[in-house]
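Only one structure is covered here, and it is reproduced in the block below.
Bear in mind these aren't lab numbers, they're just calculated from the coordinates by the rules spelled out. Predicted model only: the values in this text are computed from it and were never measured. Here the Cβ positions follow ideal geometry from the backbone for every residue, glycine too, while neighbour counts run over all protein chains shown.
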Amino acid sequence: MNDKIEDSKVEITSELMDFFQKDKKWFDLGSKSLRFTAPPIIGFFIADKNGTIILTCELFDGALEYFIKRDIKNENTKKNFDIDLIPPFICALESFSDQICIENLTELKIKGTNIKIHTIFCFIQYTITFFLNPFFKIKPFENLICEYFFTLFEEHKTEFGEIYQPSSRELLSQIEYNGRKWLIDLIFQKLSEKS
C-alpha cells in the first residue's frame with residue numbers, strides 16, 4: 001500500500017498552493033507522505049553579481065527547498081543542504097565564462113531528471129535563476145519573462161539601489177509578494193492559454 005502512495009504523484013494546483021500558503025504544517029505533513037509533481041516553474045532567485053541573494057520568489061513558502069532536496073537520498077547531505085550556495089555557484093560560472101572569453105553569454109541551463117535550472121545573465125547588475133520542472137520548455141515564455149524583469153528593475157530602480165540598507169527589507173518583501181503573484185499568473189493562466 002505504501003509503495004502505491006510513494007509512486008503516485010500529486011499535481012500542484014493553484015488551490016493546493018493557496019492551501020500551503022495558509023498552513024505550512026499541512027504541506028510538511030503532505031510532503032512526507034505524498035510525492036508532489038514539480039510545477040512548471042517552482043520559483044526564482046534574483047542575485048547580485050557576487051552571488052548574494054537579493055530576493056526569492058516561490059510558488060509557496062518552501063517550494064524551492066522542497067523540490068530541490070526531495071530526491072537527495074543521503075540524510076546528512078539533505079540536512080546540510082544550503083540553498084544560498086546556488087547563486088554564488090552560478091555567478092562563479094558566469095565569471096569563469098568571462099575568463100575563458102565566452103562572448104555574449106546570456107543564459108545557462110542545467111538539467112537533471114528531477115529539476116532544471118535556467119539562469120538569465122542579460123541584466124547588468126543582477127542574475128536571475130529559475131528552478132523548473134525538467135520537462136517544462138521555457139523558450140516560448142522567455143520574452144515575457146525578460147520583459148517582466150526589465151520592467152521590474154526599471155520601476156523599482158530606487159529600491160534595488162538601496163538593497164543593502166536595512167530599511168529596504170519591507171520594500172523587497174512587497175516586490176517578492178508581487179513576484180509570487182506574477183509567477184502564479186504566468187503558470188496557471190498563460191500556460192493554460194498555450195495548451
message = Report the number of Lys pairs in the stretch 47-195 whose alpha-carbons are under 14 Å apart, with separation of 8 or more residues or on distinct chains.
response = 13
inquiry  = Students often get this wrong: which residues of the stretch 151-172 have the backbone nitrogen under 16 Å from the point 7 angstrom along Cα-to-C-beta of ASN50?
reply    = 161-166
inquiry  = I'd like to compare 120-131, 164-175: which one has the highest average count of other Cβ atoms within 10 Å, and what's the full order after that?
reply    = 120-131, 164-175
Sorted by Cβ neighbour density within 10 Å, fewest at the top, the residues HIS118, HIS156 = HIS156, HIS118
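Ranked highest first by the average count of other Cβ atoms within 10 Å around their residues, in what order do 72-78, 57-63, 139-145 fall?
Averaged packing, sorted descending, gives the order 57-63, 139-145, 72-78.
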Long-range amide H partners of ILE41 with built H, under 5 Å = ASN133
request  = Note the direction-averaged projected area, equal to a quarter of the hull surface, for the Cα convex hull of the stretch 108-195, in nm².
outcome  = 6.5 nm²
ask   = Is the stretch 132-182 rounded, prolate or oblate when judged by the Cα gyration tensor, a ≥ b ≥ c being the square roots of its eigenvalues, rounded requiring a/c under 1.5 and prolate requiring a/b larger than b/c?
value = prolate
request  = Report, to two decimal places, the Cα Rg of the stretch 47-195 normalised by 2.2 N^0.38 Å (N = number of residues).
outcome  = 1.08
request  = Read phi for every residue in the stretch 149-164 and hand back ³J(HN,Hα) as whole Hz from Karplus 6.51 cos²θ - 1.76 cosθ + 1.60, θ = phi - 60°, with x for Gly and Pro.
outcome  = 6, 4, 5, 4, 5, 6, 5, 10, 4, 5, 4, 6, x, 10, 5, 8
query = Which residues' amide hydrogens lie under 5 Å from the amide hydrogen of CYS122, considering only partners 5 or more residues apart or on another chain, with H built in the peptide plane?
reply = none
